[in-house]
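Below is one structure; the comments refer to it alone.
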Amino acid sequence: MMTEAEALQTLAREDPAVADDARAALRWLTSGGGLETISLLRLQEFLWFVLPTSWPVQASGHVAVARALARLLTLAGMERYGDVCASAETEQIIEAYASGHDDGIAAYSKALAASHAAPPDTDLLAWSTAMGPEERAAYGACAAAIEIAVAARELRVGVSGWKTKRIALVERWLTRPAEETGADTWLSRVSAERIDEWAHGHPGERAQMARRVVPRLLKPPVLPGEPLPTLRWLLQHADAGLRLTARHYVAPALVGEAAGMFGWGGPSSGARHQELDVYPLHTLRGMAQHEMGAVRRSGTSLVLTRTGRLMAEDAAVRWHIGTAALIGPDDGPDPDFTVAVREAALLMVTLDDEPVSYEELAGRLTELHAAEGWMSRSGGSLASAISSEIHVLKHRLRALQLLDERVAARPRALALTGTGTAAALSALLARALRPRRHRQP
């Protein structure tokens with residue numbers, strides 16, 4: 001086994017040009033840190049993304065650099081890493097970039113997702129595609145732990161159950177106290193970084209409101225025994241198979257049960273037995289099916305998914321997933337108007353000391369989104385689009401019984417119950433902690 005210097009000297013005697021390529025590649029790969037800083041994941045990311053997107057040569061030149069690095073690593077006794085550099089997979093990914101940047105990114109993403117070296121998403125943390133320094137460090141630490149476990153044969157890739165063991169390994173690393181402090185964990189560091197980015201990442205009124213609400217997000221809420229009774233009702237019925245009509249609406253008997261139990265039908269509730277007539281139920285079913293992923297249609301029934309079963313069994317999971325649906329899913333690479341309006345609306349409502357009228361809320365939201373450069377996707381007025389989104393949010397809050405109906409009925413104000421305020425804060429926290437799904441450059 002040669003040292004880095006010895007391997008470079010040997011390679012220079014064999015072919016000075018190859019040695020130059022290997023030296024430059026090693027400098028990029030390790031940032032001057034030497035061979036000991038290389039990990040399998042770091043090498044794969046360099047070969048499959050950094051090299052073909054940052055090295056100003058043709059694809060054949062990228063392949064030549066990868067092969068030069070392979071020779072250097074082999075001379076240094078790192079044959080396993082050398083094999084990755086010289087593999088047909090690496091050459092195919094590099095050549096994919098020659099067809100177009102998007103093709104290369106797709107090939108890189110597919111290969112990295114299939115690599116055992118990449119830390120997987122877990123129930124504790126879904127990784128971002130645009131990571132801050134703390135998350136990148138946590139990702140690297142988990143990748144190193146996986147690689148060590150594979151080398152020690154504690155984790156045997158391809159053996160039945162190895163992916164489950166890999167997830168458990170990652171979760172142990174995310175939750176173990178840091179050696180230097182004895183208190184912080186990688187998970188707490190990543191969470192703090194994401195919250196800070198949410199509150200400080202952009203200028204303007206939205207970020208100002210986010211910074212004001214952050215201290216409240218971190219306080220555990222005081223909740224009643226069952227804070228989301230309507231969602232629990234739906235999940236309990238779906239556990240046994242919630243009956244649907246031939247047109248796949250909730251069966252009339254169950255519509256009547258929900259309307260009577262939750263006060264959704266009003267004085268004439270006895271005559272209202274269609275799902276679309278009891279709109280809070282229709283909204284609840286849509287949220288549970290399409291956004292929470294808690295139920296799915298099977299024939300003429302709604303049944304629980306794996307997520308739905310976890311929600312049915314665990315009130316904390318039900319609260320977390322149920323409240324996150326108030327704002328909606330991660331907005332992906334491009335900001336989403338619907339998500340932006342719901343987020344801002346909940347910020348305003350939770351920060352105001354008094355119930356805010358719908359007219360005032362619509363006006364403030366219109367000003368905020370106009371300042372941020374939003375326009376109506378339908379071509380209509382921004383104010384009209386904002387009003388429609390407030391209307392949808394009101395239905396979501398009502399479906400989960402989070403509106404203070406007595407206060408809201410008089411001044412036409414958006415007023416939350418105590419549980420409703422806690423739910424809004426929980427939704428905002430989920431928004432702050434979401435993985436950042438930015439598009440690769």
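The values are calculated or read from the model by the stated rules, or taken from the named source; none is laboratory data. Since the structure is predicted, the reported quantities are computational estimates derived from the model, not experimental observations. With ideal geometry, Cβ positions are generated from the backbone for all residues, glycine too; neighbour counts draw on all protein chains shown. Each accessible area value is taken on the protein alone, full model and side chains, heavy atoms only, with ligands, DNA and RNA left out. Shrake-Rupley method; radii C 1.70, N 1.55, O 1.52, S 1.80 Å.
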**Study point:** Segment S188-L276, length gained on full extension (0.36 nm per residue, minus Cα span)
**Key:** 27.3 nm
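Rounded to the nearest 0.05, what FRET efficiency do K163 and D239 have when you use their Cβ-Cβ distance and R0 = 22 Å?
E between K163 and D239, to the nearest 0.05, is 0.20.
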Check your understanding: Normalised by the number of residues in the chain, what is the relative contact order in percent for Cα pairs under 8 Å and 6+ residues apart?
Key -> 14
Point to revise | Per-residue ³J(HN,Hα) for the range 124-132, Karplus 6.51 cos²θ - 1.76 cosθ + 1.60, θ = phi - 60°, Hz, x for Gly and Pro | key: 7, 7, 9, 6, 7, 8, 10, 9, x
Point to revise | Potential lengthening between R80 and M2 on full extension [0.36 nm per residue; Cα-Cα distance subtracted] | key: 26.6 nm
Check your understanding: Is the shape of the range 91-181 best called rounded, prolate or oblate, per the rule: a/c under 1.5 gives rounded, else a/b larger than b/c gives prolate, else oblate, with a ≥ b ≥ c the square roots of the Cα gyration tensor eigenvalues?
Key -> oblate
Review point. Which peptide among 220-226, 138-144 comes first, and what is the full order, when sorted by highest mean count of other Cβ atoms within 10 Å?
Key: 138-144, 220-226
Practice item. List every residue whose amide H lies under 5 Å from the amide H of L416, counting only residues 5 or more places away in sequence or on a different chain, with H placed 1.01 Å from N in the peptide plane. Key: D404
Review point. If packing is taken as the mean number of other Cβ atoms within 10 Å per residue, what is the order of 147-155, 281-289, highest first?
Key: 281-289, 147-155
Study note, to complete from the structure: The Rg/Rh figure for the range 186-289, Cα atoms and Kirkwood Rh, to two decimals is 1.18
Exercise for review: Whole number in Å², please: accessible area per residue of the chain, 1.4 Å probe, ligands, DNA and RNA not counted.
Suggested key: 49
Check your understanding: For the Cα atoms of the chain, what angle does the longest principal axis make with the long axis of helix 4-14, in degrees from 0 to 90, nearest 10?
Key -> 60
Review point. What FRET efficiency do you get for T305 and R13 if R0 is 60 Å and r is their Cβ-Cβ distance, rounded to the nearest 0.05?
Key: 0.45
Study note, to complete from the structure: Where a ≥ b ≥ c are root eigenvalues of the Cα gyration tensor, a/c under 1.5 meaning rounded, otherwise prolate if a/b exceeds b/c and oblate otherwise, the range 12-72 counts as oblate
Revision key, fill the gap. Most fluctuating of A96, A17, A70 in the GNM of the chain (C-alpha, under 10 Å) is A17
Point to revise | Solvent-accessible surface (1.4 angstrom probe) belonging to K219, in square angstrom, nearest 10 | key: 140
Exercise for review: For T185, list long-range residues whose amide hydrogen, built 1.01 Å from N in the peptide plane, is under 5 Å from its own amide hydrogen.
Suggested key: A178
Check your understanding: If R0 is 30 Å, what FRET efficiency do you get for R296 and A113 from their C-beta distance, rounded to 0.05?
Key -> 0.75
Exercise for review: Any lysines with Cα under 27 Å of the K110 Cα? List them, leaving off those in the same chain fewer than 8 positions away.
Suggested key: K163, K165
Practice item. Show me 394-400, 242-248 ranked by packing, highest mean number of other Cβ atoms within 10 Å first. Key: 394-400, 242-248
Study note, to complete from the structure: The summed charge of the G308 Cβ neighbourhood (under 14 Å; Lys/Arg +1, Asp/Glu -1) stands at +3
Review point. Expressed as a whole percentage, what fraction of the accessible surface of the chain belongs to carbon and sulfur atoms when a 1.4 Å probe is rolled over the protein heavy atoms?
Key: 53
Check your understanding: Given Cα pairs under 8 Å that are at least 6 residues apart, what percent is the relative contact order of the range 181-301?
Key -> 20
